[in-house]
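One structure below.
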Amino acid sequence: MTSAPPPYVPGHGLLAGRTAVVTAAAGAGIGGATAKRLLEEGASVVVSDAHARRLKESEAELAAEFGADRVTSLPCDVTDEAQVTALFDLAEERHGRLDIVVNNAGLGGTADLVDMPDEQWDKVLDVTLNGTFRCTRAALRRMKAVGGGVIVNNASVIGWRAQKGQSHYAAAKAGVMALTRCAALEAAEYGVRVNAVSPSLAMHPHLVKVTTPELLQELTAREAFGRYAEPWEVANAIVFLASGYSSYMTGEILSVSSQHA
């Protein structure tokens, strides 16, 4: 069975007055869709990405739609502690508060373990897992001081499911899941919630173009709906975890998937 994507869900003001930071938010992927959804729900957003040109383009598009006073950008390589610190400092300086952090930055690739050099393993782990750690730590230090906040990490079903050629990415995403659970227990005592989403297959037009038809058919065949998720469908789950509707959830990994049971 193949179904069409559902109608786009309008905003309901769930995050009015909040300030959010979203990493890897340039372009048409989950990060960009999440930034837009947060803005539609009333938040002010600081977007970051390692690609400065694409980030500036994304900022301009969002500012044109939602107002320049609600959108700020700063290039940030999450493997660089100084850049991470600067990103969170900017959010507080520009908007006076930090309520929501979405750790979306990650790096993948395909390589069999037997052929994988240390450099490739280290790079994927440093961006995907260590980057999430650095941003989570920076967020928690600020949120602890004010007694509240929400962190949402982007994990992946690959953290649960074995797949050839994905040892580095799977290890990183499984680490993000474990980090989420442990950080949530530590943060609960000062009123901060930490959760994660775990998408199975989210695609956008640019990604479809660089994916072989054979691989796309194989991946969508695993999904009950017979299609991949639109990035905004994953963003909806992130908005839910960032909002008061999930007030009793922390340390949870929310599967965003239509995979067969």
Taking placed amide H atoms and a strict 5 Å upper bound, the residues 5 or more places from S255 or on another chain that come that close are S198
Jot down the radius of gyration and Dmax of the chain, Cα atoms only, both in angstrom. 17.5, 50
For the pair H12 and D122, what calculated FRET efficiency results from E = 1/(1 + (r/R0)^6), where r is the Cβ-Cβ distance and R0 = 45 Å, to the nearest 0.05? 0.60
Antiparallel as a % of all DSSP beta bridges within the range 118-261, to the nearest 5? 10
A202 long-range amide H proximity, modeled H, under 5 Å: A229
At a probe size of 1.4 Å, how large is the accessible area of F225, to the nearest 10 Å²? 100
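Sorted by accessible area (1.4 Å probe), largest first, how do Y228, Y248 line up?
Solvent-accessible surface, decreasing: Y248, Y228.
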Using θ = phi - 60° and the Karplus curve 6.51 cos²θ - 1.76 cosθ + 1.60, what whole-Hz ³J(HN,Hα) does each residue of the range 150-161 get, with Gly and Pro shown as x? 9, 10, 10, 9, 9, 9, 5, 4, 5, x, 9, 9
Which percentage, to the nearest 5, of the DSSP beta bridges contained in the chain is antiparallel? 5
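Arrange the residues W160, W232, W121 by how much accessible surface each exposes, largest first, with a 1.4 angstrom probe.
Per-residue accessible area, sorted high to low, gives W160, W121, W232.
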What is the helix-to-structure angle for 30-40, meaning the angle in degrees between its Cα long axis and the longest Cα principal axis of the chain, kept from 0 to 90 and rounded to the nearest 10? 40
Counting only heavy atoms of protein chains, what accessible area per residue, in Å², does the chain have with a probe of 1.4 Å? 47
Once phi is turned into ³J(HN,Hα) by the Karplus curve 6.51 cos²θ - 1.76 cosθ + 1.60 with θ = phi - 60°, what whole-Hz value does each residue of the range 13-20 show in order, with x for glycine and proline? x, 5, 10, 4, x, 8, 10, 10
Carbon-plus-sulfur fraction of the accessible area of the chain, 1.4 Å probe, in percent? 55
What is the distance in Å between the Cα centroid of the range 109-156 and that of the range 22-58? 18
Once phi for every residue in the range 178-192 is put through the Karplus expression 6.51 cos²θ - 1.76 cosθ + 1.60 (θ = phi - 60°), the whole-Hz ³J(HN,Hα) values, with Gly and Pro written as x, are 5, 4, 4, 5, 5, 4, 4, 5, 5, 7, 4, 5, 10, x, 10
Within the chain, how many Lys pairs sit with Cα atoms under 20 Å apart, leaving out pairs fewer than 8 places apart on the same chain? 4
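The values are calculated or read from the model by the stated rules, or taken from the named source; none is laboratory data. Predicted, not measured: the structure shown is a model, and the values here were computed from it. Cβ coordinates were reconstructed from backbone atoms using ideal geometry, including for glycine residues, and neighbour counts include every protein chain displayed. Side chains included, ligands, DNA and RNA excluded: accessible areas come from the protein's heavy atoms. Shrake-Rupley method; radii C 1.70, N 1.55, O 1.52, S 1.80 Å.
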